[in-house]
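**Q** Following this message is one structure expressed as structure tokens.
The values are calculated or read from the model by the stated rules, or taken from the named source; none is laboratory data. None of the values given here were measured: they were computed from a predicted structure. As a convention, Cβ positions derive from the backbone with ideal geometry for all residues, glycine included, and neighbour counts pool all protein chains shown.
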Amino acid sequence: MNLPQTPSFRLDGKRALVTGASSGIGLACAVALAEAGAEVTCVARREGPLEEAVSQIRAHGWDAYSRVCDIADLDAQAELFDVPFDVVVNAAGMARHTPALATTAADYDAVMNVNVRAAYFLSTNAARALEAAGKGGSIIHISSQMGHVGGPDRAVYCSSKHAIEGMTKAMALEFGPSGIRVNTVCPTFIRTPLTEATFADPERFAWITENIALGRVGELSDMMGAVLFLATPASALVTGTSLKVDGGWTAR
């Protein structure tokens, strides 16, 4: 009897691109892919933190390169795809949390330009380059549990993440015949430098942990395994869906 073979969780010989890679979730994704053997192009707006991040990845003997780019600049974004990438992880994002009645047009546009518009064209640029090369690939958007539920003071943010979920489903159907998979990872509150202020507020921290069935906030390592799964052959039949790394938040 021939036993079934476990698919590979390696990315040797693959080329990956990660946006928002200078810190937080984006950096964690870049590390996970590089450690798995991929050549990773790290993209971010801030050159200093980006170069420091790439330097640290290289110090571990992994392949990483930097490209300074604001992905909301669509012309600059398109130039990233002078080569096809087997894996594209979009971890760039923006949040401006206010009550819906206090939302300004400027805040709305800023969030939507990064979270939806830039993500949309990042997907099409990635898919176009892969199709031109006759290759399949994996496109992964870092969405949010707020792409499946609502949250206080988060009407704009929730709108943007719900849009990403719908976009992912539609693009998965279109790109599927070319062997290109499109998925999202939907985290709960993850411990990063940007969330420390929220966690430092006892009232907010209590609200957060009370809504997470596992009783703890997320760590960057929780995201790394999820992204690696969706990037590798281990998820070869997974497309058009979301992987919720939310500790059970959306199960309620």
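**Q** Give THR41, THR103 a once-over and let me know the one that is modelled with pLDDT of 95 or more, of a type outside the set (Gly, Ala, Ser) and either loosely packed, with under 15 Cβ neighbours inside 10 Å or under 18 Å from the mean Cα position of the chain (by Cα) (or both).
**A** Working: THR103 fails: either loosely packed, with under 15 Cβ neighbours inside 10 Å or under 18 Å from the mean Cα position of the chain (by Cα) (or both).
The unique qualifying residue is THR41.
**Q** Are any residues in the range 1-52 in a loop (DSSP other than H, G, I, E, B) and either within 11 Å of VAL89 (Cβ to Cβ) or among the acidic types (Asp, Glu) (or both), and if so, which ones? Break it down into steps so the answer makes sense when it comes.
**A** Step one: of the range 1-52, the residues in a loop (DSSP other than H, G, I, E, B) are 1-14, 20-23, 36-38, 45-46.
Selection gives ASP12, GLY20, ALA21, ALA38.
**Q** Next question. Right, VAL227: crowded, with 16+ Cβ neighbours inside 10 Å and not hydroxyl-bearing (Ser, Thr, Tyr) or not?
**A** On the way: crowded, with 16+ Cβ neighbours inside 10 Å: yes; not hydroxyl-bearing (Ser, Thr, Tyr): yes.
Taking the combined requirement at face value, the residue satisfies it.
**Q** I need every pair where a residue in the range 114-134 that is closer than 14 Å to VAL87 by Cα has its Cβ under 6 Å from the Cβ of a residue that is assigned to a helix (DSSP H, G or I) and among the hydrophobic types (A, V, I, L, M, F, W, C), sequence separation at least 6 or different chains.
**A** Pairs found: SER123/MET171; ASN125/ALA78; ALA127/PHE175.
**Q** Just to be sure, is THR198 among the polar types (S, T, N, Q) and under 30 Å from ALA38 (Cβ atoms)?
**A** Details: among the polar types (S, T, N, Q): yes; under 30 Å from ALA38 (Cβ atoms): no.
Considered against the rule, which asks whether it is among the polar types (S, T, N, Q) and under 30 Å from ALA38 (Cβ atoms), THR198 comes out as no.
**Q** So, in the range 153-171, of the ones that are of a type outside the set (A, V, I, L, M), in contact (Cβ under 8 Å) with a residue 40 or more places away in the chain and out of contact with any Pro (no Cβ under 8 Å at 6 or more places or on another chain), which residue ends up surrounded by the fewest Cβ atoms within 10 Å (Cβ to Cβ)? Reasoning before the result, please.
**A** Here is the first cut: in the range 153-171, the ones of a type outside the set (A, V, I, L, M) are 153-154, 157-162, 165-166, 168-169.
The next check asks that each one be in contact (Cβ under 8 Å) with a residue 40 or more places away in the chain; those that pass are 153-154, 157, 159-161, 165, 168-169.
Okay, now just the ones that are also out of contact with any Pro (no Cβ under 8 Å at 6 or more places or on another chain), so 154, 157, 159-161, 165, 168-169.
Working: ARG154: 20, TYR157: 21, SER159: 19, SER160: 26, LYS161: 28, GLU165: 18, THR168: 24, LYS169: 16.
Looking at residues that are of a type outside the set (A, V, I, L, M), in contact (Cβ under 8 Å) with a residue 40 or more places away in the chain and out of contact with any Pro (no Cβ under 8 Å at 6 or more places or on another chain), I get LYS169.
**Q** Here's another thing I want to ask about it. Test of understanding: among VAL54, VAL68, which residue is modelled with pLDDT of 95 or more and buried (at least 23 other Cβ atoms within 10 Å of the Cβ)?
**A** Values: VAL68 fails: buried (at least 23 other Cβ atoms within 10 Å of the Cβ).
The unique qualifying residue is VAL54.
**Q** Does the range 154-172 contain any residue that is of a type in the set (A, V, I, L, M) and either within 20 Å of PRO233 (Cα to Cα) or modelled with pLDDT under 95 (or both)? So that I can check it myself, show each step before the final result.
**A** First pass over the range 154-172, keeping only residues of a type in the set (A, V, I, L, M): 155-156, 163-164, 167, 170-172.
Filter again for either within 20 Å of PRO233 (Cα to Cα) or modelled with pLDDT under 95 (or both), leaving 171-172.
Within the range 154-172, one or more residues are of a type in the set (A, V, I, L, M) and either within 20 Å of PRO233 (Cα to Cα) or modelled with pLDDT under 95 (or both).
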